[in-house]
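**Q** Before I ask anything, let me first share the structure, which is written out below as C-alpha cells.
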Amino acid sequence: MKRVWRRDRICRGAWTLARSASLTLVMMVLLGTLLLAGCGSGGLTGAGPGTTATGGGAATTGPATDDAQFAQAFADRAQDVSVQGRGTVVRLLDDDTSGDRHQRFIVGLASGQTLLISHNIDVAPRVASLKVGDVVVFKGEYAWNEQGGIVHWTHHDPDGSHEGGWIEHEGRRYE
C-alpha cells in the first residue's frame, strides 16, 4: 500500500511539474511576442512602416502584422483562422505533388515561432526565386500543428466562395 501511495505521489508531482513548465513556456512565448511586436521593421524593402510593396511597385497601407495572433492560435490549437503576417524564409521544402500541387516553405516569425506556408501552385503562380533569408508577407488561413502551424489559402479563390489570400515577395504579389 505504501508503494502505491508513493508512485501516485510521484505521478502527481510529475504532472504538476509538466503543467508548470508548459504554462511557463506559453507565457515566455507570449511575452516575447509582445516585446518583439514593437521592434519589427516596416514593410518590404523600400516600403515604410505598416506598408507592403505590390507588384506595380507602389506601396499600399495594410494592417500591421502581429505575431501575437499566431502565438494565440498555436496556444488555442486553432483551425481555419484568417491571418496576415511577415516572416523570414528559414527552409525551402519540396513541392507537395499529391492532389493539388503546393509550393512549401517554412518561415520564422520575429517571435521565434515557425510556420509552414503551403501555397497552391495549381491556382496561383509559384513564388519566384524564393530563397532562405528572404522576407515574405502573407495572408491566408492558419491551421494548428505541433511544429507551429500551417498557413494555406495563400491564393485567390477561383469559385469566389472563400476569402482569398496572397504572398508578397520582392515587390510582387502572388495570388
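**Q** With a 1.4 Å probe and all protein chains kept in place, how much accessible area does Leu93 have, in Å² rounded to the nearest 10?
**A** Roughly 40 Å² of Leu93 is accessible to a 1.4 Å probe.
**Q** Between Leu93 and residues 5 or more places away or on another chain, which pairs have amide H atoms under 5 Å apart, with H built 1.01 Å from N, and which residues are they?
**A** Answer set, sorted by chain and number: Arg104, Phe105, Ile106.
**Q** In addition: With a point put 7 Å past each Cα toward its Cβ, work out how far Ala128 is from Asp94 in nm, to one decimal.
**A** Here the answer is 2.7 nm between the modelled labels.
**Q** Which residues' amide hydrogens lie under 5 Å from the amide hydrogen of His155, considering only partners 5 or more residues apart or on another chain, with H built in the peptide plane?
**A** Long-range HN contacts for His155: Gly165, Trp166.
**Q** Considering only protein heavy atoms and a 1.4 Å probe, what is the carbon-and-sulfur percentage of the accessible area of the range 83-167?
**A** On the range 83-167, the fraction of accessible area on carbon and sulfur atoms equals 48 percent.
**Q** Give the relative contact order (percent, whole number) for the range 76-175; include only Cα pairs under 8 Å separated by 6+ residues.
**A** Computed over the range 76-175, the figure is 28 percent.
**Q** Now, a different point. Output ³J(HN,Hα) for the range 140-146: one whole-Hz value per residue in order, computed from phi by the Karplus curve 6.51 cos²θ - 1.76 cosθ + 1.60 with θ = phi - 60°, and x for Gly and Pro.
**A** Using θ = phi - 60°, the values come out as x, 10, 8, 9, 5, 8, 5 Hz.
**Q** For Arg173, list long-range residues whose amide hydrogen, built 1.01 Å from N in the peptide plane, is under 5 Å from its own amide hydrogen.
**A** Gly55
The values are calculated or read from the model by the stated rules, or taken from the named source; none is laboratory data. Note that the coordinates shown come from a computational prediction; the quantities given were computed from them, not determined experimentally. Note that we place each Cβ from the backbone using ideal geometry, even for glycine, and neighbour counts take in every protein chain shown. Accessible surface areas use protein heavy atoms only, side chains included; no ligands, DNA or RNA. Shrake-Rupley method; radii C 1.70, N 1.55, O 1.52, S 1.80 Å.
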